Amino acid sequence: MNRFYKLFIIFFIVNSVKFRAFSANEFYNYGASVTLNQGSGDANPVLYINGSLVNNDGVLNNSNSFLQINSGNFANNVSTYYYQSTGKEVFSGTTDNTISGTWNGTTLNRNQFYNLKVYKTSATGETVILGSVNGNSVNVNAAGTLEFTGSNGIIRTQTTSAGSPYSGNYTNELYIQNPSASAITGHSTGSGATTKYIEGKLRRQVNGTDTYFFPIGVSKSGLDGMEAISINMNALSIADGSTGLLGYIQPAATPSINSDLISNGGILFYDIGGFIGANNNFSQCVGGPDGHDDVAVINQAITHEWIVTPNVAPTSVSYDLTVFPGSNLDNITYAAMGTPCDDIYTQAKYLARDGRIGGNTAVGPTVNYWVPGVYGLYQSPTGNTIAGQNGFSRFRLFGATDNNTSLPVELVSFILTPIKNEYFELNWQTASELNNAGFYLQRSTDGTNFEDIGWIAGNGTSTSINKYSFNDKNVEVNVGYYYRLKQIDTDNSFNYSNVLFGKLIGNHFDVLNIYPNPASINPTVTVFSPIEDHVETTIMDVLGRKIKVQSTKIIKGNNSFDLTIEDLASATYLIKFQSNNTTITKKFVKK
């Protein structure tokens, strides 16, 4: 305290008009020039204020010194002058502290914290609040640090806690400009921690070589408190070598991807005239890739998602991301994969980026299970980590809750072939069968309402390959047909196969199908081309104004490709397809 009185007396004599002490618990600087020095240690602050500090357009210089505010607020109300620091700023006490004014400085060590410390020892008054701040940002110097030094402490990036559903729409952000991975220390690390974290939005400057922990979350009165993420930067290409990443959690913007199929290989994808095979999907499962066995039908997702966005989008980036949700947020009982994968993959749990399980490392498109010609992707369960990503966006956990998603019949192939453009021949094979009574072949013209068109008896229990076929001659040209198998066990339980689509057409370019329509996810377009060519797809609003264009290379015969519509607003659109000197326009509804 002697240092404080000495500073007060000298300053008061020299600047008696501009400096006022309102009480023993407050420090006000009205336009004066004040410097703190000779106190860089942590034991004794040079200026200790058991109340609030207000710098009202003065120069307040923390020169490698130690400033502590105990149970009070820090307002930096400046326009011409500034707070400048190369020292330490500590918030302590048993009353919440509020930071307000201008704290978004980036140069000259001005209007930003240098070494910001939160020293709280009880849950009473443990919060440091980012209140009314200019630019909605409170910055920590590029050479500075943020440290949680006590047993408690939460930094909240808006005046009040966000209520249910614990929105990510926090007003302000805390920006750590130091790209060192150790620029934040002392924070909690366990899933669902209830203290020593940032409630709201945290921006961290990152480079391409470190692992960065984001101790972020929401109010501990809802969900779990801290729901952190960790980003392991493998490579980053950007002009100045680094970028700021803003991280926070919010209610999920999109529904779960219902019935995505994650499969253990075999031949799953068929279209008219050809197929796409699969392998090495659940590569560690007993028996290797073997068709429709060992599948996970994704039907659950946690309620919230993590958002990661950069200051400046890098020209290239590679990173691994891990989420650390607490038990209240991650409350799904994830099922085992099903025989024979149970011993290896005890939980069918996946982390997705932008709704795509596995992100850009997944094999195959992520689409609704019933899209004709495309039935899912190949991705071993990843748990809480997604690796090798090349862009920043939304992240969310998905999973399966059915405790046995394996088919009792191993369906090796299911093929639809048009014969002389007159009828369809359907062929399928099984590698093994268990109590298989037989198959109903089902058909639909809308992809939703199926009817039985034939019964084919099964082979009971068998370990050898069995072949089946059926000719559907009750079909018309230019009508689209969906086919699936309903496999019946001897106890009358049943399973469905994947869905095939076919359409008898003339020898000209044609758009066979857009499915699903309406849709909230990217639909799959099926087209026929008599030659190898390109199809230009133009999405327009109902007034004919061009929204976006994509070009796709197509081969002779039938082709399927995804139509990117996730960034479109919910509305009715016109989609124009141009190929082989033919233009076809279809209507599409984005839900």
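The values are calculated or read from the model by the stated rules, or taken from the named source; none is laboratory data. Owing to the predicted nature of the structure, the values given are computational and were not obtained by experimental measurement. Cβ atoms come from the backbone with ideal geometry, glycine included; neighbour counts cover every protein chain shown.
Give, as residue ranges, the strands (runs of 3 or more DSSP E) completely inside the range 134-177 that count at least 3 residues that are at pLDDT 95 or above, within 27 Å of T121 (Cβ to Cβ) and not hydrophobic (A, V, I, L, M, F, W, C).
Hits in the range 134-177: 137-148.
Just checking, how many residues over the range 205-222 are assigned to a loop (DSSP other than H, G, I, E, B), touching a residue at least 40 places away in the same chain (Cβ under 8 Å) and polar (S, T, N, Q)?
The number of residues fulfilling the criteria is 2.
Taking the range 534-586 on its own, how many of its residues are free of Cβ contacts under 8 Å to residues at least 24 places away in the same chain and basic (K, R)?
4
Just the residues that are closer than 16 Å to G72 by Cβ and aliphatic (A, V, I, L, M), please, taken from the range 103-154.
Matches in the range 103-154: L116, V118, V128, I129, L130.
Pick from F66, F74: which is surrounded by 19 or more Cβ atoms within 10 Å (Cβ to Cβ), within 25 Å of G135 (Cα to Cα) and of a type in the set (A, V, I, L, M, F, W, C)?
Sole residue among the options that is surrounded by 19 or more Cβ atoms within 10 Å (Cβ to Cβ), within 25 Å of G135 (Cα to Cα) and of a type in the set (A, V, I, L, M, F, W, C): F74.
Can you give me the number of residues within the range 442-459 that are surrounded by 11 or more Cβ atoms within 10 Å (Cβ to Cβ) and part of a loop (DSSP other than H, G, I, E, B)?
3
Which residue out of N558, N522 is under 27 Å from the mean Cα position of the chain (by Cα) and within 23 Å of G480 (Cα to Cα)? Spell out the reasoning first.
Details: N558 fails: under 27 Å from the mean Cα position of the chain (by Cα).
Only one candidate passes the filter, namely N522.
I need the strands (runs of 3 or more DSSP E) fully contained in the range 223-280, keeping only those with at least 1 residues that are modelled with pLDDT of 90 or more.
On the way: elements: 228-237, 243-251, 260-263, 266-271, 274-278.
In the range 223-280, 228-237, 243-251 are the strands (runs of 3 or more DSSP E) which contain 1 or more residues that are modelled with pLDDT of 90 or more.
So, in the range 480-496, how many residues would count as being closer than 12 Å to R443 by Cα and of a type in the set (G, A, S)?
1
So S462 fits all but one of (1) at pLDDT 90 or above; (2) surrounded by 15 or more Cβ atoms within 10 Å (Cβ to Cβ); what number is the exception?
(1)
Mind telling me which of the residues L116, L130 ends up being touching a helix residue (DSSP H, G or I) at 6+ places or on another chain (Cβ under 9 Å) and outside any loop (DSSP other than H, G, I, E, B)?
One residue alone meets the criteria, L130.
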